[in-house]
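Engineer: Below you will find the structure I want to go over with you.
The values are calculated or read from the model by the stated rules, or taken from the named source; none is laboratory data. All figures in this text were calculated on a predicted structure; none of them were measured in a lab. Here the Cβ is made from the backbone with ideal geometry for all residues, glycine too, and neighbour counts use every protein chain on show.
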Amino acid sequence: MKLSPLQIARYQYQPKLPGMLRNGISEICVKNGDATESVADQEKIKALFPNTYGKNEITFQKGENTSEAKKQVVGVILSGGQAPGGHNVICGLYDALKATNPENVLIGFKGGPSGLLDNDFIVFEDDYINQYRNTGGFDIIGSGRTKLETQEQFAVVVENCKNHGVNALVIIGGDDSNTNAAVLAEYCAAHNTGIQVIGCPKTIDGDLKNEDIECSFGFDTATKTYSEIIGNIERDANSAKKYWHFVKVMGRSASHVALECALETQPNICLIGEEVAAKKMSLAQITDYIADSVAARAAKGWNFGVAIIPEGIVEFVPEFSVLIAEINELLAGEKADAFNALPNWQAKYDFIEAGLTKESMAVFAILPQSIQQQLFLERDPHGNVQVSLIESEKLFSAMVKDNLAARKAAGTYSGKFSALHHFLGYEGRCAFPSNFDADYCYSLGYNAAMLIQYGYTGYLSKVSNLQAPAEEWVAGGMPITKMMNIERRHGADKPVIRKALVELDGAPFKFFESVREEWAVETCFTYPGAIQYFGPSEVCDLTTRTLALEKA
C-alpha cells in the first residue's frame, strides 16, 4: 500500500504529554482529591452503585510510584460512532503499558462491545500499532453500538476476559458507552472478578463534558474540519453572490458543533437548539428570524448568505416535539400497517388529518410535502419517528422561501432567494486528528494505563487545563458515577450520564449572542482554512473557540 506524504509524516509525530506523565513511570504518584457524589439523584445512584460510588477524584503528580508491580493484561474497545483521535487513545494506552513492563499485553476486541461478547480480538504488537499512530478513524479494531447492560452480557464479558487473563478493560466511547462502563465496573466489583473498568470520553457532538471533562475527544478535529468547509462555502457565496447556503451539522441532542462552527466562521445565521427550546420558538418564528436576515441583506444588494442548522433542531421546537409525539401515537402498533396500506399520499394525508389534534395539524400543514413524508418514513426499533432523517436544512429553506414570497406579494421584499443545501457529518468523523486531539487522545490513553496500574475501577480517564500548552495539562481520574443522574428511558428509570447542552449563560453563547445581529446583516465571514499540523504552535496547537472562551 502506497502511503501519502502526510500519512508518513503523521506516523512520525510524537504526541505531547502532560508534564507529570513525562516523568517516567517510576516517578508518577497519586494525589487524592475530594470524595464525589453524583450530579443528581444521589441516593438512587448510590444504591445502584454501592461498590463504586463516592470514590475520590485523583490527579497524578511527580513522586515515587507506589503501585503494585504486576503483569497487566488489558482489553480495549471502541464504542459508538467514530471520532478523530481514537487510534491515539489506544496507542497511548499501549505505550504506557509497555513502558511500565514490556511483558504487559494489550488486547483489542473487534467491532465494539460485540467483540467482547463474541470473543473476537487481536493482540496488539508494535508493527500493527505503528500503522495507526496519529491517524483518523476507528479501523484499528472497528466499533459498534451494542449496549452492555444485562447481567447475562456481563457474565459473558467476564468469562471471555478471564480466558485471556484480562485484568482491566478500557471502554472508549460517549455518554451511553461510559454509562455502560460504570454499570460493568459495578458488576465486576460486586462479583469480585478482579477486572477493572476504565472509560475514556469520546464524542464529536461535544455533549460529554462538565466541570471535570473540559472537552470530549474528536470535537476539536471535527469542528475544524466542518469550519474549513463552511469557510470555503462562505468564500464561494461571497464570490458568486447569488446563493443562500443552508448547512446542517452534527449534533442531535446538543448544538455545541453548530456554535463552535459559527464562532469559527461568523455566518449570517446559526440556530442554537437550546435557545429555541428556552424561548419556546415556533417554526414560524424561526422562519421569520432567518427571513429577516435574508431581506436585510437583499436591501443592501446582497442576495446571498450562510445559515448553520444543528442536526437535531426540530426536536427543540416545542410544537414540533408535540407533533412527533402525536405521530408516534398515531402509528402505534397495528395502526402503522393500516397507514402503510393506504394507496397514495392523499389518502395518507386524510388519515393523518383525522388523527392529529387541531394544533398539531396546523404545524403539519405548513411543512413542505417532502418533510411531511419524511416524518412517516422508516421507524426506529421502538416504532418512533427517526428525527435524524428529517432534512431540517431543506425544511427551513423551503419555509423561508414561502415567507419571502408572502413578503414580496405584500411589497415589503424585492430581493432574490436561491438556496443550496449541505449536510456535514461523516466528513469530520474520521479526519486526521488535529495536533490537539492527537496529543489529548494519546494523553487519555497513557493516563488510563496509570489508572489501571494503581488499581482504579469505574473511573474516567481525565485530562484537564486543556486551554494551556500540553506541558501544563493535568492528568488524573474521576469516578464515572459523578456524572450520572436518573432518567426515564423506555418506560423505566435508568442511571445515565447527563448530557451536556449548550449553556445559554456560558461565555461561548454569550459572545455569539453579542455579535450575531451584526453577522446577520453584514458580511463578516471568516475563513479558517485547513487544519495545520506543522508550523507555529499558536496555529498548529490552537484549541477550539469554545474552550478558549470557557477558560478565558
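Engineer: Of all residues in region 353-373, which are exposed (fewer than 13 other Cβ atoms within 10 Å of the Cβ) and either under 14 Å from F396 (Cα atoms) or within 31 Å of the chain's Cα centre (by Cα) (or both)?
Structural biologist: Result: Q369, S370.
Engineer: Quick one: in region 321-352, of everything that is loosely packed, with under 13 Cβ neighbours inside 10 Å and of a type in the set (S, T, N, Q), which residue is nearest to S414 (Cα to Cα)?
Structural biologist: Q346
Engineer: Going through region 239-292 one residue at a time, which ones are in a helix (DSSP H, G or I) and either of a type in the set (G, A, S) or not assigned by TED's automatic domain parsing to the domain that holds D402 (or both)?
Structural biologist: If the condition is that a residue be in a helix (DSSP H, G or I) and either of a type in the set (G, A, S) or not assigned by TED's automatic domain parsing to the domain that holds D402 (or both), then S239, A240, A258, A262, G273, A277, A278, A284, A291 are the ones that fit.
Engineer: I need the full set of residues from region 100-125 which are assigned to a loop (DSSP other than H, G, I, E, B) and not acidic (D, E), in order please.
Structural biologist: N101, P102, N104, K110, G111, G112, N119, F124
Engineer: Return the residue satisfying two criteria in turn: it lies in region 500-515 and is of a type in the set (A, V, I, L, M) and out of contact with any Ser or Thr (no Cβ under 7 Å at 6 or more places or on another chain), and of such residues it is nearest to E214 (Cα to Cα).
Structural biologist: A500
Engineer: Go through region 165-201 and give me each residue that's modelled with pLDDT of 95 or more and charged (D, E, K, R).
Structural biologist: Correct list: E186 only.
Engineer: Of these, K394, K300, K348, which one is in contact (Cβ under 8 Å) with a residue 24 or more places away in the chain and touching a strand residue (DSSP E or B) at 6+ places or on another chain (Cβ under 6 Å)?
Structural biologist: K394
Engineer: Tell me whether region 495-504 contains one or more residues that are closer than 28 Å to R235 by Cβ, buried (at least 16 other Cβ atoms within 10 Å of the Cβ) and touching a residue at least 24 places away in the same chain (Cβ under 8 Å).
Structural biologist: Yes - at least one qualifying residue is present in region 495-504.
Engineer: How do the helices (runs of 4 or more DSSP H) wholly within region 503-552 filter down when requiring 3 or more residues that are within 27 Å of A295 (Cβ to Cβ): which remain?
Structural biologist: Helices (runs of 4 or more DSSP H) meeting the threshold: 507-521.
Engineer: State whether one or more residues within region 240-255 are in contact (Cβ under 8 Å) with a residue 12 or more places away in the chain, surrounded by fewer than 21 Cβ atoms within 10 Å (Cβ to Cβ) and closer than 16 Å to T546 by Cβ.
Structural biologist: Looking through region 240-255, none of the residues is in contact (Cβ under 8 Å) with a residue 12 or more places away in the chain, surrounded by fewer than 21 Cβ atoms within 10 Å (Cβ to Cβ) and closer than 16 Å to T546 by Cβ.
Engineer: Inspect region 475-482 for any residue being crowded, with 24+ Cβ neighbours inside 10 Å, over 16 Å from I213 (Cα atoms), in the same structural domain as V74 (by TED's automatic domain parsing) and more than 17 Å from the chain's Cα centre (by Cα) and give the result as yes or no.
Structural biologist: So far as region 475-482 goes, no, none of its residues is crowded, with 24+ Cβ neighbours inside 10 Å, over 16 Å from I213 (Cα atoms), in the same structural domain as V74 (by TED's automatic domain parsing) and more than 17 Å from the chain's Cα centre (by Cα).
Engineer: In this structure, is L208 touching a helix residue (DSSP H, G or I) at 6+ places or on another chain (Cβ under 8 Å) and assigned to a loop (DSSP other than H, G, I, E, B)?
Structural biologist: Judged against the criteria, L208 is a match.
Engineer: Could you say which residue among R489, R516 is more than 26 Å from K202 (Cβ to Cβ) and among the basic types (K, R)?
Structural biologist: One residue alone meets the criteria, R516.
Engineer: May I ask you to list the residues in region 485-502 that are part of a loop (DSSP other than H, G, I, E, B) and not charged (D, E, K, R)?
Structural biologist: Matches in region 485-502: H490, G491, A500, L501, V502.
Engineer: A further question follows. Of all residues in region 426-450, how many are farther than 23 Å from D236 by Cα and assigned to a helix (DSSP H, G or I)?
Structural biologist: Number satisfying all stated conditions: 17.
Engineer: In region 456-471, which residues are touching a residue at least 24 places away in the same chain (Cβ under 8 Å), small (G, A, S) and not in a helix (DSSP H, G or I)?
Structural biologist: If the condition is that a residue be touching a residue at least 24 places away in the same chain (Cβ under 8 Å), small (G, A, S) and not in a helix (DSSP H, G or I), then G458, S461, S464 are the ones that fit.
Engineer: State the number of residues belonging to region 203-238 that are within 13 Å of R429 (Cα to Cα) and touching a Phe, Trp or Tyr at 6+ places or on another chain (Cβ under 6 Å).
Structural biologist: 4
Engineer: Can I ask one more? Look through F423, F417 and report the one residue that is at pLDDT 95 or above, over 20 Å from R252 (Cβ atoms) and outside any helix (DSSP H, G or I).
Structural biologist: Residue meeting the stated conditions: F417.
Engineer: Looking at G165, G194, G115, which is the one that is under 25 Å from the mean Cα position of the chain (by Cα) and either of a type outside the set (F, W, Y) or buried (at least 24 other Cβ atoms within 10 Å of the Cβ) (or both)?
Structural biologist: From the options G165, G194, G115, the qualifying one is G115.
Engineer: To continue, here is another question. Which condition number does Y128 fail, the rest of (1) hydroxyl-bearing (S, T, Y); (2) surrounded by fewer than 21 Cβ atoms within 10 Å (Cβ to Cβ); (3) in contact (Cβ under 8 Å) with a residue 40 or more places away in the chain being met?
Structural biologist: Going through (1) hydroxyl-bearing (S, T, Y); (2) surrounded by fewer than 21 Cβ atoms within 10 Å (Cβ to Cβ); (3) in contact (Cβ under 8 Å) with a residue 40 or more places away in the chain one by one, Y128 breaks only (3).
Engineer: Name the residue that is surrounded by the most Cβ atoms within 10 Å (Cβ to Cβ), counting only residues in region 28-59 that are under 27 Å from the mean Cα position of the chain (by Cα) and among the hydrophobic types (A, V, I, L, M, F, W, C).
Structural biologist: F49
Engineer: Right, another one. What is the residue count in region 296-320 for residues that are loosely packed, with under 14 Cβ neighbours inside 10 Å and either modelled with pLDDT under 90 or part of a loop (DSSP other than H, G, I, E, B) (or both)?
Structural biologist: 2
Engineer: Any idea how many residues of region 273-297 are among the β-branched types (V, I, T), under 30 Å from D207 (Cβ atoms) and in contact with a strand residue (DSSP E or B) (Cβ under 7 Å, 6 or more places away or on another chain)?
Structural biologist: 1
Engineer: Please go through region 432-448 and pick out each residue that is more than 13 Å from R10 (Cα to Cα), aliphatic (A, V, I, L, M) and out of contact with any Ser or Thr (no Cβ under 7 Å at 6 or more places or on another chain).
Structural biologist: Matches in region 432-448: none.
Engineer: While we're here: Evaluate region 417-426: report whether one residue or more is within 22 Å of the chain's Cα centre (by Cα) and buried (at least 20 other Cβ atoms within 10 Å of the Cβ).
Structural biologist: Yes.
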